Amino acid sequence: MPELPEVETVVRALDQALAGRVFVAARELGRVRLPFSQEETKRLVLGRRIVGVRRRAKYIVIECAAAGGLLAHLGMTGSFRLEKPGVEVGKHDRIVLTLADGEELRYADPRRFGFLKPVGLEGQERWPPELARLGPEPLDPAFRASVLEARAVGRRTPVKTFIMDQATVVGVGNIYASEALFRSRIDPRRLAKDLSSAEWRRLVAAIRKILRQAIQSGGSSIRNYRRVDGREGGFQRSLQVYGRGGESCPACDGEVEIIRQGGRSTFFCPRCQV
């Protein structure tokens, strides 16, 4: 599943490509997870100037003038790409949005776990109401170790599961949770309530650093993720433990182990992470 760095990479590319332009038509090509309302698309999106493209957690908001827009989630295998007029649609293309010059924004989703839908954008920050309950952004300057530490009081949840909870902090998925815990030398099995203030500071610094590095590399292409231009991300070549079960730890002579937590694979070094 695309995580924060992958979604941020997509958002930056879409913002550069779409800001100031106008969608003039939309059509649904195949089965989608959520119904795509033509009526709401006409009312909230078509004919309105695109103000910009933003990210909240793993959600993408294509903001149009007059408080309308599109909300998207890439799910497991979703993607966007821009195509010139006349290019044959792909097997898994689900929704096509046509721009005033004829170019098309295509939303593909082979496994149909994601969605794209028209929404109203409310309030001063113009976020859809569906996103109101999400936790803080890990790259926001206001996000500090003290925030996580306060939320962890009394929590008997393993720390890896805790930081992947989108109500705790958004966008830290399975890949980057494993990597951040390795870099901060914290055992993913430890309970969130038991971490010290110093450990929370190390973990927050590691989360920030690894997310920024991954964004600079265009994200991690491990399975299906591709950028808007079709290229792979590059950060998968910098992963130290994720996907390396049974291999030597890059920091010691130990072996990277795999365990299951919350139905997901966790990669860690039991020698380095205590």
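In the set Gly245, Gly219, which member is of a type outside the set (A, V, I, L, M), surrounded by fewer than 17 Cβ atoms within 10 Å (Cβ to Cβ) and outside any helix (DSSP H, G or I)?
Gly245
Go over the candidates Gly69, Gly120, Gly86 one by one and state the one that is free of Cβ contacts under 8 Å to residues at least 40 places away in the same chain, among the small types (Gly, Ala, Ser) and over 27 Å from Ala180 (Cβ atoms).
Details: Gly69 fails: free of Cβ contacts under 8 Å to residues at least 40 places away in the same chain; Gly120 fails: free of Cβ contacts under 8 Å to residues at least 40 places away in the same chain.
Only one candidate passes the filter, namely Gly86.
Would you mind stating whether Arg208 is in contact with a Leu (Cβ under 8 Å, 6 or more places away or on another chain), in contact (Cβ under 8 Å) with a residue 12 or more places away in the chain and surrounded by fewer than 20 Cβ atoms within 10 Å (Cβ to Cβ)?
yes
Hey, does the range 173-182 have a residue that's more than 28 Å from Ala13 (Cα to Cα) and in the same structural domain as Arg244 (by TED's automatic domain parsing)?
Yes, the range 173-182 contains at least one residue that is more than 28 Å from Ala13 (Cα to Cα) and in the same structural domain as Arg244 (by TED's automatic domain parsing).
When you go through (1) among the aliphatic types (A, V, I, L, M); (2) surrounded by 15 or more Cβ atoms within 10 Å (Cβ to Cβ); (3) farther than 29 Å from Leu29 by Cα; (4) at pLDDT 95 or above one by one for Val96, which number turns out not to apply?
(3)
Which members of the range 107-139 meet the condition of being within 21 Å of Phe23 (Cβ to Cβ), among the charged types (D, E, K, R) and crowded, with 17+ Cβ neighbours inside 10 Å?
Asp109, Lys117
Scanning for something within 26 Å of Gly114 (Cα to Cα) and touching a Lys or Arg at 6+ places or on another chain (Cβ under 9 Å), does the range 189-204 turn up at least one residue?
no
Say whether the condition of being in contact with a Gly (Cβ under 7 Å, 6 or more places away or on another chain), crowded, with 18+ Cβ neighbours inside 10 Å, touching a residue at least 12 places away in the same chain (Cβ under 8 Å) and on the phi < 0 side of the Ramachandran plot is met by at least one residue in the range 140-155. Explain how you work it out, then say what you get.
The initial filter retains those residues of the range 140-155 that are in contact with a Gly (Cβ under 7 Å, 6 or more places away or on another chain), namely none.
No: zero hits.
What number of residues within the range 18-56 satisfy the criterion of being surrounded by fewer than 18 Cβ atoms within 10 Å (Cβ to Cβ), at pLDDT 95 or above and small (Gly, Ala, Ser)?
Looking only at that region, the number is 5.
Out of the residues in the range 191-248 meeting the condition of being among the acidic types (Asp, Glu) and under 21 Å from Ala17 (Cβ atoms), tell me which one is nearest to the chain's Cα centre (by Cα).
By that ranking, first place goes to Glu232.
Quick grid of which residues meet (1) of a type in the set (A, V, I, L, M, F, W, C); (2) over 19 Å from Glu137 (Cβ atoms); (3) in contact with a Cys (Cβ under 7 Å, 6 or more places away or on another chain); (4) in the same structural domain as Thr168 (by TED's automatic domain parsing):
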residue	(1), (2), (3), (4)
Gln16	no, yes, no, no
Val22	yes, yes, no, no
Arg31	no, yes, no, no
Lys42	no, yes, no, no
Gly52	no, no, no, no
Gly68	no, yes, no, no
Ala72	yes, no, no, no
Ser79	no, yes, no, no
Leu82	yes, yes, no, no
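Against the condition at pLDDT 90 or above and surrounded by fewer than 17 Cβ atoms within 10 Å (Cβ to Cβ), how does Asp101 come out, does it pass?
Values: at pLDDT 90 or above: yes; surrounded by fewer than 17 Cβ atoms within 10 Å (Cβ to Cβ): yes.
The answer is yes for Asp101.
One line per residue, one yes/no per condition, for (1) over 26 Å from Gly173 (Cβ atoms); (2) of a type outside the set (Gly, Ala, Ser):
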{"position": "Glu6", "(1), (2)": "no, yes"}
{"position": "Thr9", "(1), (2)": "no, yes"}
{"position": "Ala13", "(1), (2)": "no, no"}
{"position": "Ala17", "(1), (2)": "no, no"}
{"position": "Ala25", "(1), (2)": "yes, no"}
{"position": "Glu28", "(1), (2)": "yes, yes"}
{"position": "Val32", "(1), (2)": "no, yes"}
{"position": "Arg48", "(1), (2)": "yes, yes"}
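The values are calculated or read from the model by the stated rules, or taken from the named source; none is laboratory data. In this text, all values refer to a predicted model and were calculated from it rather than measured experimentally. Cβ coordinates were reconstructed from backbone atoms using ideal geometry, including for glycine residues, and neighbour counts include every protein chain displayed.
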